[in-house]
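Below is one structure, written out as structure tokens, with a few remarks after it.
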Amino acid sequence: MPSSVKFIPGRPLAEVAFAFLDTETTGLSARTGGRVCEVAVISVQGGREVGRYSTLLNPECPISYGAMMVHGITEEMVEQEPTFAEVADEVARHLEGKVLVAHNASFDVSFMQAEFARIGRAMPAAPVLCTLKL
């Protein structure tokens, strides 16, 4: 998981930007070929929303029945949506320079890292807070 915390010590909390990340996926593991089929990021700083991004994604692979039963996203819903490669710059812009917050962060981060790696890029480095662990 990304863990660069150089820019946080000594900064007032109100100056720290947080990126709340959520993904929906085609399966349970990026290591076994699961892909992201929806990504959402809400950025907050000083207690105020400063950015928002959300899109369905064409994962370029089937969505498992189990995943579809959890999130309700069907293959028909994503077949005309952009691929991760097409939105990677926008996703990166919403993550860069922020503390990443996610529920079960290791799951979401592993999928995002895999998506960035698939297009030959690294996910923007960021400290990560897991609300499941908190």
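The values are calculated or read from the model by the stated rules, or taken from the named source; none is laboratory data. Here the structure is a predicted model, which means the values were calculated and not measured. A quick note on method: Cβ atoms are made from the backbone with ideal geometry, for glycine too, and the neighbour counts reach across all protein chains shown. Remember, those area values only see protein heavy atoms, side chains included, never the ligands or the DNA or RNA. Shrake-Rupley method; radii C 1.70, N 1.55, O 1.52, S 1.80 Å.
What's the number of the only condition in (1) without any contact (Cβ under 8 Å) to a residue 40 or more places away in the chain; (2) in a helix (DSSP H, G or I) that residue 134 fails to meet?
So residue 134 meets the others, but not (2).
Among residues belonging to region 67-81 that are open to solvent by 40 Å² or more (accessible area, probe 1.4 Å) and touching a Leu at 6+ places or on another chain (Cβ under 8 Å), point out the one that is farthest from residue 111 (Cα to Cα).
77
Would you check if residue 32 is among the polar types (S, T, N, Q) and open to solvent by less than 30 Å² (accessible area, probe 1.4 Å)?
For residue 32, the condition - among the polar types (S, T, N, Q) and open to solvent by less than 30 Å² (accessible area, probe 1.4 Å) - is not met.
Could you tell me whether residue 43 is in contact (Cβ under 8 Å) with a residue 12 or more places away in the chain, under 18 Å from residue 94 (Cβ atoms) and hydroxyl-bearing (Ser, Thr, Tyr)?
Taking the combined requirement at face value, the residue satisfies it.
In region 90-122, how many residues are in contact with a strand residue (DSSP E or B) (Cβ under 9 Å, 6 or more places away or on another chain) and either buried (at least 19 other Cβ atoms within 10 Å of the Cβ) or among the aliphatic types (A, V, I, L, M) (or both)?
Filtering region 90-122 down to residues in contact with a strand residue (DSSP E or B) (Cβ under 9 Å, 6 or more places away or on another chain) leaves 90-91, 93-109, 111-112, 114-115.
Filter again for either buried (at least 19 other Cβ atoms within 10 Å of the Cβ) or among the aliphatic types (A, V, I, L, M) (or both), leaving 91, 94-95, 98-102, 105, 108-109, 111-112, 114-115.
Number of matching residues: 15.
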